[in-house]
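Student: Take this structure, written in structure tokens, and hold onto it; I'll ask about it next.
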Amino acid sequence: MPESFDVIVVGGGCNGTGIARDCAMRGLRTLLVEKNDFGSGTTGASSGMIHGGPRYLLSEVETTKLSSRDAGYIRKIAPHLCFRIPFLYPVVKGNQPSWRRKIRLALVETFFQAYDRFSALKGGKPHTCLTREETLSLEPSVSPDIVGSVTFDEWGINTERLCLLNALAVKEAGGTALNHTEVKRILKEGNTVTGMIVRDTLTGEECEFRSRVLFNATGPWTPRLAAMAGVTVKLRPAKGIHLVLDRRITNYAVVSQCIDGREIFINPYGNQTLLGTTDDDFYGDPDEIPVTADEIEYLLQGMERTYPEIRKARVISTTRGIRPTLFGDKVLEDDLSRHHKIFDHEKEEGVAGFFSIAGGKLAAYRQMAEEATDLICQKLGNHDPCRTHLAPLPGGESTPEPAELAERYQLHPYAAERIVSRHGSLAEKVLQPTDELPSDKCAVCLCEPVLACEIRHAIGAESARTLADLRRRTGLGDGPCQGAQCLVPATGLLDPADPIAELKRFLEESWRSRAPLFCAEGTRSEPLVAQEEMNQMIFQCVLELGSQ
Amino acid sequence: MRPRVTIIGSGIAAVATACEAIRSGAEVTVIRGRPGSTALSSGAWDIAGDPLRFAGTPWQEVRSPRESLQELIRRLPHHPYRLLSLHDQVGDLPSFLSGAVNRIARALDLPLHGEIGRPFLALTPLGTVKVTAYTLPTHGAGNLLEMQGARLMVVGIQGLPSHPAALIASLLKKNRHRSPSLSEITATQIAPERIPKTLSPVQVAHSFDEDEAIDSLHKVLVQQAEKVRPTHVALPPVMGIRQSAHILSRLRETTGIHWFETLGLPPSIPGIRLQESLDRYFRLTELREGTVTSARMERKRVVALHIRDDEGRDEEFPVDRVVLATGKFLGGGIAPGTFREKIFNLPIFHNGNEIGARPVGPVVSRHYLDPHPLQSMGLRVNPHLQPVDDRGHLLLENLWAAGSILGGYDAAREGCGVGVAVGTGTLAGRLASERFAAHA
């Protein structure tokens, strides 16, 4: 007999993991499956912010309100994953007359005055208005050609771990969460979806699961899974890319305007800085998202007018994702609604037991999951209330003091700080085994840094099965050396069935986000190309992976 | 008057040039900037990898560097080896290369292991096997082709994850069908005292330059060897920086076993050791420290180089003949933004076509392990190793080029980095020193 669940959620992004957690916490027998890894799709490729969406204040005030309120909840349930990002919104002089510049600054300030009402919902500080001199003393790299700037507050979040923690919470609540498990076929009896056949993408093993409800939360893959169930979901998918810059080149996020008037920004993120994002209609395969030299130059040029120093920064990688935006006709990508919609395919097409979700924003993922779970519970006759905004995510109970951990375990304070930022109250659990095995305090990845004990924890307690899973959980191999130092030791710790194939798969995947940088003159920097020559020496010349 | 040869660069190609120029009676000046790819060497000295080798090739059937050389020349029309093989000063290329390698090894006081007529199969810190020609002394006992009936023990050090002994042993076992010679493979972890707690390979290697740490390491290793009774032991490539030869020979004397290091992954300790021997050699030549930023040219001749030292002071240095051995991107020879050579603004080529700042085709491939034009682009030179333009016309009459700044080959894929550096360096050194050099 195949294993049977109340609900199966397909998709390991913020929506899927959020819905599965909510279902499991309300006592439903829950299974979550993800074909790659938790947070490896759209969520992991986002700007990494639960921002309130001031952008939507003028057109969709509900989106702003929802995002701001839910961001406040997320900060409470996963405080260790979140970090404050103060934003600078400089008003560039450009070639407009002086009376117009002054009005522009006043307008921007008025706008953020209105945003203050929502910002408070997520614990952000109210805006301030800075003169040109004040702005430049805070952030000297901003162009001197400005009238002044307005500040406001947003929150960054480690999105990959957010999805992982939700998946781990499913397990804590008695459910099952499987990564690297893809749906091969959806099973139907008449017009009712009854289960599915899945395949483990690493071992090739197939297996059947039954459920009363099957929830499609696969983001840009939503139409594809819907088609497997014989229904349709129409999206207007849009591509967004980011450039990943080595180091925090600024302590403030800085907003700038692109040639088409769109707003982009740089934001400090962990050890790095992100520059993004683009928003372009996408017609291709969400498994193969190309990044073009034009997109790269668009971002660099757009940022350059407010932050000229961007040209000197070392770009080390790109991220790319597809927004599963709701379908809209005859509007520009940027003006598409960020509303979300839950599709009950029984109502719309007469196929029972199957639901889809699309649209929405990361910041409101929990709220969306709550709505989806309410609907599932209504179908299944469950009356438990939602508690996802109250119960902390794993590690979110408290945030230990990094200095104390560093002292207790004799670690570099920065390494301790990074562990706390990833594991919160579970940091102690990650480090405790080193009392027995002190040599596990050694750094495997020197860029981030990542210690051997954390890798073991990711493998043992966080279902990391591939090198890329380790990267998403710890940041291993994501720094400027792009795995040159850490891949061999990490392969040793992971001990995969076929180490050579696993290494090759990782190199191929990380190459896809790096290769575009070599095609654009603006990112083909000396350190990038020199590092690549060295990595070729390692993987091609010494390890001879090409002839293995 | 003796010809005056100025060499820009401080890697293997520069040493080869200097050795040959001195041998030819020239007065040699070396301008040393920052270390390049030689300092990242794994400890293997490649001449030519086997281009016909595939995943299942049995070890005994891997071609020797001598045979592989011919194959590379046959397949790759722009390869510097082809230029060398056609030059009347070179004669038989394999003999030319092995002669030059041996002379350089003597000059550097490095007893290399290996020979041109036989492949050296070296163990990597992943457990794969690399085909090369020569290795530095500490890897010398590690040719897998010479381990008939051997019992091999792979050693890991606790807290040094860069040498995963269990993984190395298991991969090697998996490939045992390709090498019936190894009779037993085991892995072991040791925990020597007196090494730093949080480790990087460089810190560990430095710690093994101290007598007490060496003694403790020696004791642990000998104990372990007595337990397992191997005939060969693969050690992590961290056995001291200055003391490595001493550590290994003492182990050999105490136990009678063959001890060797696996290859280092860049940035590797064997590379640091190699760069140190190169630097010792350069101290015997006339040495200038600094980066050459630009050059003064008069009527197709280089007349002076502008050198900037560490403190940012600029100096004009008059030159007679110049050999450019500044490397590709790691060494800093080529500017990747514009794809031009940095000092003389020479054009860069791939497959005989000049590349500009906006290349027409992609400079990298879609798949990581496929060949990338980026890795094989470089200067185009005439048969005398002098840079030429897109029509084949000589650019500067008293300039020669050697090493990885040359285009037409991919050192990483073809396993020929040191061979090209030594071969072109030697020929460039000889030609630049001729009293009546072709164009100088």
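The values are calculated or read from the model by the stated rules, or taken from the named source; none is laboratory data. All values reported here derive from a predicted model rather than from experimental measurement. So basically every Cβ, Gly included, is an ideal-geometry build from the backbone, and we count neighbours across all protein chains shown. The area values use the complete protein model at the heavy-atom level, side chains included, leaving out ligands, DNA and RNA. Shrake-Rupley method; radii C 1.70, N 1.55, O 1.52, S 1.80 Å.
Student: Across the stretch B:203-242, which residue is nearest to B:Ser268 (Cα to Cα) among those that are among the hydrophobic types (A, V, I, L, M, F, W, C) and in a strand (DSSP E or B)?
Tutor: Checked the stretch B:203-242; the qualifying residue nearest to B:Ser268 (Cα to Cα) is B:Leu235.
Student: Okay, moving on. Looking only at the stretch B:360-391, how many residues end up being out of contact with any Phe, Trp or Tyr (no Cβ under 7 Å at 6 or more places or on another chain) and within 11 Å of chain A (Cβ to nearest Cβ)?
Tutor: Summing the residues that are out of contact with any Phe, Trp or Tyr (no Cβ under 7 Å at 6 or more places or on another chain) and within 11 Å of chain A (Cβ to nearest Cβ) in the stretch B:360-391 gives 11.
Student: When you go through B:Gly417, B:Gly333 one by one, which is the residue that is at pLDDT 95 or above, open to solvent by less than 10 Å² (accessible area, probe 1.4 Å) and within 14 Å of chain A (Cβ to nearest Cβ)?
Tutor: So the residue among B:Gly417, B:Gly333 that is at pLDDT 95 or above, open to solvent by less than 10 Å² (accessible area, probe 1.4 Å) and within 14 Å of chain A (Cβ to nearest Cβ) is B:Gly333.
Student: Right, here's the next one. Checking the structure you have, find out if any residue of the stretch B:258-269 is surrounded by fewer than 22 Cβ atoms within 10 Å (Cβ to Cβ), modelled with pLDDT of 95 or more and not hydroxyl-bearing (Ser, Thr, Tyr).
Tutor: Yes, some residue in the stretch B:258-269 is surrounded by fewer than 22 Cβ atoms within 10 Å (Cβ to Cβ), modelled with pLDDT of 95 or more and not hydroxyl-bearing (Ser, Thr, Tyr).
Student: Let me ask another. Here is a list of conditions, (1) open to solvent by 20 Å² or more (accessible area, probe 1.4 Å); (2) within 26 Å of A:Ala515 (Cα to Cα); (3) part of a strand (DSSP E or B), and B:Thr293 meets all of them except one; can you say which number that is?
Tutor: Exception for B:Thr293: condition (2).
Student: Scan A:Tyr298, A:Tyr283 and give me the residue that is in contact with a Ser or Thr (Cβ under 8 Å, 6 or more places away or on another chain), over 15 Å from A:Pro86 (Cα atoms) and not in a strand (DSSP E or B).
Tutor: A:Tyr298
Student: With respect to B:Arg242, determine if the residue is in contact (Cβ under 8 Å) with a residue 60 or more places away in the chain and more than 14 Å from chain A (Cβ to nearest Cβ).
Tutor: No; evaluated as a whole, the condition is false for this residue.
Student: Here's something else I'd like to know. Residues in the stretch A:69-86 that are closer than 18 Å to A:Phe265 by Cβ and in a helix (DSSP H, G or I): how many?
Tutor: Residues that pass the stated criteria total 1.
Student: Pick out the one residue from A:Ala416, A:Ala369, A:Ala391, A:Ala464 that is open to solvent by less than 30 Å² (accessible area, probe 1.4 Å) and closer than 20 Å to A:Ala490 by Cβ.
Tutor: Residue meeting the stated conditions: A:Ala464.
Student: So if I check each of A:Gly18, A:Gly27, which one is among the small types (Gly, Ala, Ser), surrounded by 17 or more Cβ atoms within 10 Å (Cβ to Cβ) and not in a strand (DSSP E or B)?
Tutor: That would be A:Gly18, the only listed residue that is among the small types (Gly, Ala, Ser), surrounded by 17 or more Cβ atoms within 10 Å (Cβ to Cβ) and not in a strand (DSSP E or B).
Student: Which residues, taken from the stretch B:23-48, are within 13 Å of A:Glu544 (Cα to Cα), out of contact with any Cys (no Cβ under 7 Å at 6 or more places or on another chain) and part of a loop (DSSP other than H, G, I, E, B)?
Tutor: B:Ser42, the sole residue that qualifies.
Every residue, every condition in (1) under 29 Å from A:Val542 (Cα atoms); (2) more than 23 Å from the chain's Cα centre (by Cα); (3) open to solvent by less than 10 Å² (accessible area, probe 1.4 Å), yes or no:
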| site | (1), (2), (3) |
| --- | --- |
| B:Arg366 | yes, yes, no |
| B:His372 | yes, no, yes |
| B:Val381 | yes, no, no |
| B:Arg391 | no, yes, no |
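Student: Residue by residue through the stretch A:467-483, note down the ones that are surrounded by 22 or more Cβ atoms within 10 Å (Cβ to Cβ) and not basic (Lys, Arg).
Tutor: Of everything in the stretch A:467-483, those that are surrounded by 22 or more Cβ atoms within 10 Å (Cβ to Cβ) and not basic (Lys, Arg) turn out to be A:Leu467, A:Asp469, A:Leu470, A:Thr474, A:Gly475, A:Leu476, A:Gly477, A:Asp478, A:Gly479, A:Gln482, A:Gly483.
Student: Which members of the stretch B:21-41 meet the condition of being touching a helix residue (DSSP H, G or I) at 6+ places or on another chain (Cβ under 8 Å) and open to solvent by less than 10 Å² (accessible area, probe 1.4 Å)?
Tutor: Within the stretch B:21-41, B:Ala21, B:Ala26, B:Val30 meet the criteria.
Student: Applying the selection to the stretch A:95-123, what residues are at pLDDT 85 or above, closer than 20 Å to A:Arg305 by Cβ and hydroxyl-bearing (Ser, Thr, Tyr)?
Tutor: Residues satisfying the conditions do not exist here.
Student: Regarding the stretch B:343-363, can at least one residue be identified that is among the acidic types (Asp, Glu), touching a helix residue (DSSP H, G or I) at 6+ places or on another chain (Cβ under 9 Å) and either open to solvent by 10 Å² or more (accessible area, probe 1.4 Å) or under 30 Å from A:Glu502 (Cβ atoms) (or both)?
Tutor: Within the stretch B:343-363 (the criterion being among the acidic types (Asp, Glu), touching a helix residue (DSSP H, G or I) at 6+ places or on another chain (Cβ under 9 Å) and either open to solvent by 10 Å² or more (accessible area, probe 1.4 Å) or under 30 Å from A:Glu502 (Cβ atoms) (or both)), the answer is no, since none of the residues qualifies.
Student: Restricting to the stretch A:179-201, name every residue that is in contact with a helix residue (DSSP H, G or I) (Cβ under 9 Å, 6 or more places away or on another chain), surrounded by 17 or more Cβ atoms within 10 Å (Cβ to Cβ) and more than 21 Å from A:Cys377 (Cα to Cα).
Tutor: Within the stretch A:179-201, A:Asn179, A:His180, A:Val183, A:Ile186 meet the criteria.
Student: Could you please find all residues in the stretch A:127-170 being among the β-branched types (Val, Ile, Thr), under 28 Å from A:Ala364 (Cα atoms) and out of contact with any Lys or Arg (no Cβ under 6 Å at 6 or more places or on another chain)?
Tutor: Of everything in the stretch A:127-170, those that are among the β-branched types (Val, Ile, Thr), under 28 Å from A:Ala364 (Cα atoms) and out of contact with any Lys or Arg (no Cβ under 6 Å at 6 or more places or on another chain) turn out to be A:Thr128, A:Val150, A:Thr151, A:Ile157, A:Thr159.
Student: For the stretch B:308-321, indicate whether the set of residues that are facing another protein chain (nearest Cβ under 10 Å) and open to solvent by less than 30 Å² (accessible area, probe 1.4 Å) is non-empty.
Tutor: no
Student: Quick one: count up the residues across the stretch A:214-232 that are of a type outside the set (A, V, I, L, M), under 22 Å from A:Arg366 (Cβ atoms) and touching a Ser or Thr at 6+ places or on another chain (Cβ under 9 Å).
Tutor: The qualifying residues number 6.
Student: Take the stretch A:55-92 and flag every residue that is of a type in the set (Ser, Thr, Tyr) and under 18 Å from the mean Cα position of the chain (by Cα).
Tutor: Matches in the stretch A:55-92: A:Ser67, A:Ser68, A:Tyr73.
Student: Does the stretch A:315-324 include one or more residues that are within 30 Å of A:Asp374 (Cα to Cα), in a strand (DSSP E or B) and open to solvent by less than 20 Å² (accessible area, probe 1.4 Å)?
Tutor: Yes, the stretch A:315-324 contains at least one residue that is within 30 Å of A:Asp374 (Cα to Cα), in a strand (DSSP E or B) and open to solvent by less than 20 Å² (accessible area, probe 1.4 Å).
Student: Scan the stretch A:515-548 for residues that are hydrophobic (A, V, I, L, M, F, W, C), more than 7 Å from chain B (Cβ to nearest Cβ) and open to solvent by 20 Å² or more (accessible area, probe 1.4 Å) and report the count.
Tutor: Residues flagged as hydrophobic (A, V, I, L, M, F, W, C), more than 7 Å from chain B (Cβ to nearest Cβ) and open to solvent by 20 Å² or more (accessible area, probe 1.4 Å) within the stretch A:515-548 amount to 0.
Student: Go through the residues of the stretch B:283-290 one by one and say whether even a single one is touching a Gly at 6+ places or on another chain (Cβ under 7 Å), assigned to a helix (DSSP H, G or I) and either at positive phi or at pLDDT 95 or above (or both).
Tutor: No, that holds for no residue.
Student: Looking at (1) surrounded by fewer than 23 Cβ atoms within 10 Å (Cβ to Cβ); (2) part of a helix (DSSP H, G or I); (3) within 11 Å of chain A (Cβ to nearest Cβ); (4) not polar (S, T, N, Q), which is the only condition B:Gly159 fails?
Tutor: Condition not satisfied by B:Gly159: (2).
Student: Return the total of residues in the stretch B:88-142 being away from chain A (no Cβ under 14 Å) and at positive phi.
Tutor: 3
Student: Regarding B:Thr231, is this residue over 26 Å from A:Met534 (Cβ atoms) and open to solvent by less than 50 Å² (accessible area, probe 1.4 Å)?
Tutor: Yes: the conditions hold for B:Thr231.
Student: Might you let me know whether the stretch A:439-450 holds any residue that is out of contact with any Lys or Arg (no Cβ under 8 Å at 6 or more places or on another chain), away from every other protein chain (no Cβ under 14 Å) and not acidic (Asp, Glu)?
Tutor: No, every residue in the stretch A:439-450 fails to be out of contact with any Lys or Arg (no Cβ under 8 Å at 6 or more places or on another chain), away from every other protein chain (no Cβ under 14 Å) and not acidic (Asp, Glu).
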